[in-house]
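The values are calculated or read from the model by the stated rules, or taken from the named source; none is laboratory data. Keep in mind that what you see is a predicted model, and the values were worked out from it rather than measured. Every residue, glycine as well, gets a Cβ built from its backbone with ideal geometry; the counts of neighbours run over all protein chains shown. Only protein heavy atoms, including side chains, enter the accessible area calculation; ligands, DNA and RNA are left aside. Shrake-Rupley method; radii C 1.70, N 1.55, O 1.52, S 1.80 Å.
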Amino acid sequence: MKKILALMLALVMALALCACGGQPTDEPAPEENTDNQTETVEIPPVEDLTGTDTSAIPGVEDGVLTVGMECAYAPYNWTQTDDSNGAVPIVNNPGSYANGYDVMIAKRICEAYGWELEVQSINWDGLIPALNAGTIDAVIAGQSMTDERMEQVDMAGPYFYASIVCVAKADSDQAAAKGISELTGTCTAQTGTIWYDSCLPQVKGAEVMPEAESAPAMIMAVASGTVDFICTDMPTAMGACATYPDLKIMDFSGTEDDFQVDEGEINIGISVVKGNTELKDAMDKVLAPLNADIFNALMNQAIEVQPTI
């Protein structure tokens with residue numbers, strides 16, 4: 001009887017330890033799930049750099065930073081009809097306002113130095129020509145830091161660490177793919193991007209259709225069924241799914257059956273005129289304290305307030 005009572009007491013103590021969260025000593029504790037962090041990331045305040053003399057920095061001698069973006073590439077940037085959620089006027093489109101992740105980053109840079117921010121709406125293919133013509137001082141428009149692009153411009157950043165994914169209808173055959181070798185059907189991506197030029201050619205089982213002229217056109221192509229899937233980056237895919245809940249993101253990161261790209265070429269940077277190291281360095285000084293978690297937290301804020309694509 002004493003042995004039975006001892007066993008029962010030991011069992012009760014073991015159960016009590018489990019109820020308090022104890023881990024058995026012979027089993028490893030479960031690994032933390034870093035893919036879906038629920039804890040809030042604190043976004044640091046902007047460092048006050050207003051005492052810095054920027055009057056000799058090419059482009060901002062007048063204290064105004066003129067930034068070009070499409071204003072049609074949610075969640076990086078978009079156009080809205082008022083200044084809600086921190087939107088700023090589009091100077092070449094009176095009555096319209098720009099908002100999005102790119103605007104948030106541009107505002108942080110301008111706040112740090114006390115610069116005034118001007119946003120110009122420029123189509124994707126016209127951004128670099130406008131920069132090199134002196135129409136704008138910088139491009140903050142979700143541009144990847146590709147070797148080809150950096151032959152034309154210098155780039156500050158990254159200001160976002162991107163990953164490449166595919167998007168398809170959730171009820172389609174493509175949605176079940178576990179890697180790019182399982183993708184079939186028709187596909188497209190935005191013109192002038194690493195997604196179209198470098199990634200889609202790696203999908204041997206699919207038919208690459210003509211490139212989409214813009215991010216919204218690319219998203220509409222898969223949402224309407226014009227193509228079976230698209231290739232893009234994670235923020236653009238998340239923005240698409242926020243508008244079209246019947247879409248699904250296929251993320252092959254961490255597998256052997258993923259797109260093969262140089263990680264540096266898919267990160268997002270700010271374009272400045274080649275040789276304008278002063279402006280590049282000034283921007284890098286503002287971006288340096290920010291890490292991937294902070295970038296993601298800011299991007300999530302943009303996705304929460306983005307309009308329908």
Across the range 127-148, the tally of residues that are within 20 Å of residue 236 (Cα to Cα) and either out of contact with any Pro (no Cβ under 7 Å at 6 or more places or on another chain) or part of a strand (DSSP E or B) (or both) stands at 8
Let me spell it out: the conditions are (1) crowded, with 24+ Cβ neighbours inside 10 Å; (2) over 14 Å from residue 279 (Cβ atoms); (3) not basic (Lys, Arg), and residue 140 meets all of them except one. Which number is the exception? (2)
Return the residues of the range 90-102 that are free of Cβ contacts under 8 Å to residues at least 40 places away in the same chain and not in a loop (DSSP other than H, G, I, E, B); say none if nothing qualifies. 90, 97, 98
Return the residue satisfying two criteria in turn: it lies in the range 196-242 and is over 16 Å from residue 124 (Cβ atoms) and charged (D, E, K, R), and of such residues it is nearest to the chain's Cα centre (by Cα). 228
Restrict the check to the range 55-70 and report whether at least one residue is over 19 Å from residue 286 (Cβ atoms) and either of a type in the set (S, T, N, Q) or touching a residue at least 24 places away in the same chain (Cβ under 8 Å) (or both). yes
Has the range 103-115 got any residue that is outside any loop (DSSP other than H, G, I, E, B) and open to solvent by 70 Å² or more (accessible area, probe 1.4 Å)? yes
Of the residues that make up the range 112-119, is at least one in contact (Cβ under 8 Å) with a residue 60 or more places away in the chain and among the charged types (D, E, K, R)? no
With the requirement that a residue be surrounded by 14 or more Cβ atoms within 10 Å (Cβ to Cβ), part of a loop (DSSP other than H, G, I, E, B) and small (Gly, Ala, Ser), what does the range 45-75 give you? 59, 72, 74
Of those in the range 152-186 that are assigned to a loop (DSSP other than H, G, I, E, B) and in contact with an Asp or Glu (Cβ under 6 Å, 6 or more places away or on another chain), the residue least open to solvent (accessible area, probe 1.4 Å) is 179
Within the range 117-136, restricting attention to residues that are touching a helix residue (DSSP H, G or I) at 6+ places or on another chain (Cβ under 7 Å) and open to solvent by 10 Å² or more (accessible area, probe 1.4 Å), which residue is farthest from residue 287 (Cα to Cα)? 122
Hits in the range 76-89 - residues which are closer than 19 Å to residue 217 by Cβ and either among the aliphatic types (A, V, I, L, M) or assigned to a loop (DSSP other than H, G, I, E, B) (or both): 76
